[in-house]
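The values are calculated or read from the model by the stated rules, or taken from the named source; none is laboratory data. As the structure is a prediction and not an experimental result, all values here were calculated from the model. Here the Cβ is made from the backbone with ideal geometry for all residues, glycine too, and neighbour counts use every protein chain on show. Side chains are part of the model used for accessible areas, which takes the heavy atoms of the whole protein and leaves out ligands, DNA and RNA. Shrake-Rupley method; radii C 1.70, N 1.55, O 1.52, S 1.80 Å.
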Amino acid sequence: MTKSLSSGEVESLTILGTGPAGLTAAIYSARANLKPVCVEGEQPGGQLTITSDVENYPGFAEPVMGPELMNAFRKQAERFGTRFVQGNVTKVDLLHRPFTLEFSDGRQIKTHTLIVATGASAKWIDLPSERRLMGKGVSACATCDGFFFRNLDIAVVGGGDTAMEEATFLTRFAKSVTIIHRRDKLRASKIMQEKAMKNPKIKFVWDSEVIEVLGEHGVTGVRLKNLKTQAVHDLAVEGLFVAIGHEPNTSILRPFLKCDETGYIITEDKSTRTNIPGVFAAGDVADHVYRQAVTAAGTGCMAAIDAERFLESI
């Protein structure tokens, strides 16, 4: 159900984000009769909407398409009375109660409690060919998609701990993994470097960047440019994993919420509570370790229960 905003009304609970965390929070809070409002931003459904086959979400014996899975989440939330608002929240006031969320078009929501489930966006190379082949051989999640690349040659872009971790994990499935890095030495911690360099399945291409992902309906290779010699050559691979980090979607919230140095919201131990009473964080926006749909859904459930208990206390 799409909600129209009315001035003067104060919501009990507003949820920012409609990925697994946000929609699970909506399901639980709606069943608790909190009448939640869910704000859909630029990417309704979260990062699963750009994922093709999802094989590791519990309860699905056969693969399910990411958008199909998120549509089922949304319908379940709607069935219990969750209301949805479309738009981008560009400004918040979390210092005064009720909290105020302001949209880019000037609309406002006032709310007693807030669940932040805005997720973290993978950083991409930003190539048209990369975007075109996303979900067709291009991925930013080895844990999610590594299984599909069994006995194939694949490449990983990046030089930090994330890239080393992803590359090492992918060797469980792939025939070979080539790490492509812009510099002549890695940024990863020494232990992660050593682990990758000792792995017989991992190779390195130094001082190079991907300038094009090759293939029409699936990845067939990458075009590389050596940043020192400017020489261009093609590398035949059937998958490309971009592991240059994630950016938590917290820019408008950082003046109010306690975050770590990279912008992930810090929550109280074994809860979703933030430093501001009545504000809770769920999913990848507060999780730089696991970043899975099922863990996001779990913290969405926790946030709904935390919000319900907070509302009861006041």
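Beyond 30 Å, the tail of the calculated P(r) for the chain holds 38 percent of the Cα pairs. In terms of its alpha-carbon gyration tensor, the range 40-141 comes out oblate; a/c meets the 1.5 threshold, while b/c is at least as large as a/b. Taking θ as phi - 60° and the Karplus parameters 6.51, -1.76 and 1.60, the scalar couplings of the range 159-175 work out to x, x, 4, 4, 5, 5, 5, 5, 4, 4, 4, 5, 5, 5, 10, 6, 6 Hz in sequence order, x denoting glycine and proline.
Computed with every protein chain present, the accessible area of W124 is close to 70 Å² [probe 1.4 Å]. Using only protein heavy atoms and a 1.4 Å probe, report how much of V157 is accessible, in Å² to the nearest 10. Rounded to the nearest 10, that gives 20 Å².
How much area per residue is accessible in the chain when the probe is 1.4 Å and only protein heavy atoms are counted (Å²)?
49
Please state the charge dipole magnitude for the chain, taken about the Cα centre, from unit charges on C-beta atoms (+1 on K and R, -1 on D and E), reported in debye and rounded to the nearest 20. Write out the running numbers ahead of the final one.
Details: 36 positive and 37 negative charges, 60 e Å.
Using Cβ point charges on Lys, Arg, Asp and Glu, the chain gives about 280 debye.
Shown are Y57, Y264, Y28, Y290, whose ranking by accessible area with a 1.4 Å probe and every protein chain present, most to least, is Y290, Y28, Y57, Y264.
Taking the chain, the Cys residues with no second Cys beta-carbon under 4.7 angstrom are C38, C259, C301.
Take the solvent-accessible surface of the protein heavy atoms, probe 1.4 Å, and return the percent of it on the range 1-143 that carbon and sulfur atoms account for.
Values: 3360 of 6660 Å².
Carbon plus sulfur share of accessible area: 51 percent.
Using Cα pairs closer than 8 Å and at least 6 residues apart in sequence, work out the relative contact order for the range 191-306, in percent. Present the calculation step by step, with values, prior to reporting the outcome.
On the way: 147 pairs, mean separation 15.0, N = 116.
It comes to 13 percent, rounded to a whole number.
Ranking R254, R309 by solvent-accessible area of protein heavy atoms (1.4 Å probe, all protein chains present), from largest to smallest, gives R309, R254.
How do the peptides 174-183, 86-95, 224-233 rank, highest first, by the average count of neighbouring beta carbon atoms within 10 Å per residue?
Numbers: 174-183: 20.2, 86-95: 15.0, 224-233: 12.4.
Most protected by this proxy first, the peptides run 174-183, 86-95, 224-233.
Based on the alpha-carbon gyration tensor of the range 238-307 and its eigenvalue square roots a ≥ b ≥ c, which shape applies: rounded if a/c is under 1.5, prolate if not and a/b is larger than b/c, or oblate? All intermediate terms of the calculation are to be shown ahead of the outcome.
Working: a/c = 2.80, a/b = 1.45, b/c = 1.93.
Oblate, since a/c reaches 1.5 and b/c is not below a/b.
For the listed residue pairs K190/K225; K203/K228; K190/K258; K75/K123; K123/K203; K136/K201, the alpha carbons are over 25 angstrom apart in K190/K225; K190/K258; K75/K123.
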